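Below you'll find the structure, written out as structure tokens, and then a few comments.
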Amino acid sequence: MSFDTKDLVEQIAENGYAIIRKFIDPESILELQEQTKWLYSEGLKHYASFRHGNLSFEILPEKHFGKRYLIQAYWFAWMSKYFEEFRRRPEFLEVINPLLGDNIKQVAQQIHWKPPGARLTGYRFHQDLRFRESRDAYQDIVNDTVTVGIAIDPATSENGCLRIVPRSHKNGYLGLSDNGDGMIMKGLTHDDELRSVGLDPRTIVDVELEPGDAVIWGLLTVHGSLPNSSQHDRAFSLSSYVRGDTSQRGEWAFRDGVSTPLGDIPQLCKYEKLYENLEPQYIESDWYL
Ligand SMILES: O=C(O)CCC(=O)C(=O)O
Ligand SMILES: [Fe+2]
């Protein structure tokens, strides 16, 4: 990986995102892909969506999809030494340090798959701020958060790569996809919806990435992605970090610049009901119907 710190900070401030090629060195990609396949097979053992603490799997069940699919995993660091260490690799500090400083907590660890054949693999345009319920737990949630997306498989227009509206972060919170039941994986965003909040659909950028490339964005950056129309899965890693000293949410990743493992018990991250039930549980939700 090589990047210019000043460019990175400026691009994020100006465009709402930045791309870093070869964030993960090419020698490490194969293992990342193999560990991701292992995680997929572990998640697929569950007949329905599952939660244990912050660890969670989102399943599309055979009953409604003809076949079982895993589309998301959350906080798998709790079941994988590899991913526990991955989340606090030095590359993350190198990139995040100029933006958030030396004390960094992680509030989201996710992998999203788009298995061919699973109908619901698109994400309507949105701003991630909508997924932060406890705004008071952060001093300045917008400026103190960054998300790092990493392509595990190649990310292409055909397989539903991330799509970003440059400079869209300058207009505050726009309420995209908040209408209806607010499910961002049902339906697609129509151009009119973007136009009605002052965005020009012609400016959308398809963020095509090679495995190991990263894209950084913020909580107000408008983005989404289309369903996978290719014959190959698309695994994409998402990690959100916050400034540790001003945030009451998240697991430590770096303290005073030192990579810090998970503790004994999970901390509140994005899932606010965490402590209501720390036992393993199946989630009988049918949001996809
Ligand atoms: O996986 C993707 O393509 C985008 C997901 C996303 O934007 C989100 O979960 O907030
Ligand atoms: Fe998002």
* Structure fact -> Relative contact order in percent for the chain (Cα pairs under 8 Å, 6+ apart) equals 30
* To do: Positive end of the charge dipole of segment 220-289 (Lys, Arg +1 and Asp, Glu -1 on Cβ, about the Cα centre): tell me which of 285, 230, 274 has its Cα farthest that way.
  => 230
* To do: Can you pull the one-decimal nm distance between simple spin-label points at residue 41 and residue 131, each 7 Å off the Cα toward Cβ?
  => 2.7
* Around residue 252, which amide H atoms from residues at least 5 apart in sequence, or from another chain, sit under 5 Å from its own amide H, with H modelled in the peptide plane? -> 106
* Residue-wise, which Karplus ³J(HN,Hα) couplings in Hz belong to segment 246-252, taking 6.51 cos²θ - 1.76 cosθ + 1.60, θ = phi - 60°, and x for glycine or proline? -> 10, 10, 8, 10, x, 9, 4
* **Radius 14 Å from Cβ of residue 264, net charge of other residues (Lys, Arg +1; Asp, Glu -1)** => -2
* Give me the distance between the Cα centres of segment 177-231 and segment 23-65, rounded to whole Å. => 23
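Which semi-axis lengths, in whole Å and largest first, follow from the square roots of five times the eigenvalues of the Cα gyration tensor of segment 158-289? Don't skip to the end; give the middle numbers.
On the way: eigenvalues 174, 85, 66 Å².
Whole-Å semi-axes of the equivalent ellipsoid: 30, 21, 18.
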* Structure fact -> In the neighbourhood of residue 230 defined by beta carbon distances under 11 Å, the net charge of the other residues (Lys, Arg +1; Asp, Glu -1) is -1
* If you rank 269, 161 by fewest surrounding Cβ atoms within 10 Å, what's the result? -> 269, 161
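So what's segment 67-138 giving for Cα Rg divided by 2.2 N^0.38 Å, two decimals? Could the numbers behind the result be given before it?
Working: Rg = 15.4 Å, N = 72, 2.2 N^0.38 = 11.2 Å.
Expressed relative to 2.2 N^0.38 Å, the Cα Rg reads 1.38.
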* When a footprinting reagent is the concern and you count Cβ atoms within 10 Å, what order do 7, 144 take, fewest first? -> 7, 144
* Please report 114, 186 as a ranked list, fewest other C-beta atoms within 10 angstrom at the top and most at the bottom. => 186, 114
* Percent of Cα pairs exceeding the 25 Å cut-off, where the set is the chain -> 45
* residue 270: which lysines have alpha carbons under 22 Å from its alpha carbon, excluding same-chain residues fewer than 8 sequence positions away? -> 81, 105, 186
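Sort 228-239, 189-200 by packing, meaning the average of other beta carbons within 10 Å per residue, with the highest value first.
Working: 228-239: 18.7, 189-200: 14.2.
Going from most to least packed, we get 228-239, 189-200.
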* Asked: What is the distance, in nm, between label points placed 7 Å from the Cα along the Cα-to-Cβ direction at residue 2 and at residue 202?
  -> 3.7
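So what is the calculated 222 nm ellipticity per residue for the chain, using -39500 (n - 2.57) for each DSSP H run with n of 4 or more, over all residues, to the nearest 500 deg cm²/dmol? Write down the numbers at each step before the final one.
Working: 6 runs with 53 residues, N = 289.
Computed mean residue ellipticity for the chain: -5000 deg cm²/dmol.
Readers should treat all values here as calculations from the given coordinates under stated rules, not as data from a laboratory. Since we're looking at a predicted model, the values are computed, not measured. Backbone-built Cβ (ideal geometry, glycine too); neighbour counts: all protein chains shown.
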